[in-house]
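I have placed the structure first, in the form of structure tokens, so that the comments after it can refer back to it.
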Amino acid sequence: MDILKQLVIASNNQGKLREIRALLEPLAITVVPQSDFDVSESDEPYGTFVENALTKARHASRCSGLPALADDSGICVQALNGVPGVNSARYAGEPKSDARNNQKLIETLKQQTDRRAYYYCVIVLLRHADDPQPIIVDGSWHGEIIDPPRGEGGFGYDPYFYLPEFGKTSAELTAEEKNQISHRGRALAKLVEILRAGEY
């Protein structure tokens, strides 16, 4: 774990950056966004979360010269066979828009009674761009899609992602609550456990 003094995050999403920074803080790793190195956003051409995460991590590491962490995540809706899935950020097309993505999802689900959905996240950590043994962890978070939206927190689909056991949407949770139970929080907890054990 000593080698990981600084880590570039392969994302420009401020919500993700806040969550990742908060969860890695106890390890005393300096977390910097790829924008600090003028790293352009990587293509995400693949049909799986893990391939996209690996691509983003390699790109950020190669451009910055630092170890890199990338997250690829999305929301998967049962009635839509897992859609939007890996295309969650661009579900309504370019340019990326949370509002348009949510509008399209609600419109698509209008005739569906099954509103079950889950967030899924894969996190990849590379020591260097050509690391042959990346750490790969994942996490999922189950709930259902509701309309109208509730809550002012979070980002993405959070105001529409309802958690029956809490009686709240993801957007109604505090940042601390969300980090403890979310798909990204669960994946990062696995990563922290590996790093604390000195297995990397």
Which one of 172, 193 is surrounded by fewer than 16 Cβ atoms within 10 Å (Cβ to Cβ) and free of Cβ contacts under 8 Å to residues at least 24 places away in the same chain?
193
Are there any pairs, at least 6 apart or on different chains, whose C-beta atoms fall under 9 Å, with the first in the range 12-25 and closer than 19 Å to residue 39 by Cβ and free of Cβ contacts under 8 Å to residues at least 40 places away in the same chain and the second of a type in the set (Asp, Glu) and part of a helix (DSSP H, G or I), and if so, which?
none
Kindly evaluate residue 51 against the criterion of being among the charged types (D, E, K, R), touching a residue at least 24 places away in the same chain (Cβ under 8 Å), closer than 20 Å to residue 121 by Cα and touching a strand residue (DSSP E or B) at 6+ places or on another chain (Cβ under 9 Å).
no
Output the residues belonging to the range 47-80 that are aliphatic (A, V, I, L, M) and farther than 20 Å from residue 160 by Cβ.
50, 53, 54, 57, 60, 66, 68, 69, 70
Checking 61, 42 in turn, the sole residue that is touching a His at 6+ places or on another chain (Cβ under 7 Å), surrounded by 16 or more Cβ atoms within 10 Å (Cβ to Cβ) and at pLDDT below 95 turns out to be 42
Just to be sure, is residue 104 in contact with a helix residue (DSSP H, G or I) (Cβ under 7 Å, 6 or more places away or on another chain), over 27 Å from residue 64 (Cα atoms) and assigned to a helix (DSSP H, G or I)?
no
Only one of these is buried (at least 16 other Cβ atoms within 10 Å of the Cβ), in contact with a strand residue (DSSP E or B) (Cβ under 8 Å, 6 or more places away or on another chain) and modelled with pLDDT under 95: 117, 89, 129. Name it.
89
Out of 150, 100, I need the residue that is within 23 Å of residue 41 (Cβ to Cβ) and free of Cβ contacts under 8 Å to residues at least 40 places away in the same chain. Which one?
100
All but one of (1) among the polar types (S, T, N, Q); (2) surrounded by fewer than 18 Cβ atoms within 10 Å (Cβ to Cβ); (3) more than 28 Å from residue 63 (Cα to Cα) hold for residue 97; state the number of the condition that does not hold.
(3)
Considering only the range 65-88, state which residues are of a type in the set (A, V, I, L, M, F, W, C), over 24 Å from residue 24 (Cα atoms) and not in a strand (DSSP E or B).
79, 80, 83, 86
I'm trying to understand the selection: among the residues of the range 148-166, which are surrounded by fewer than 22 Cβ atoms within 10 Å (Cβ to Cβ) and more than 17 Å from residue 91 (Cβ to Cβ)?
148, 150, 151, 152, 153, 163, 164, 165, 166
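The values are calculated or read from the model by the stated rules, or taken from the named source; none is laboratory data. Predicted model, so just to flag it, every value in this text is computed and none were measured. Positions of Cβ are generated from backbone atoms using ideal geometry, with glycine treated the same way; all protein chains shown enter the neighbour counts.
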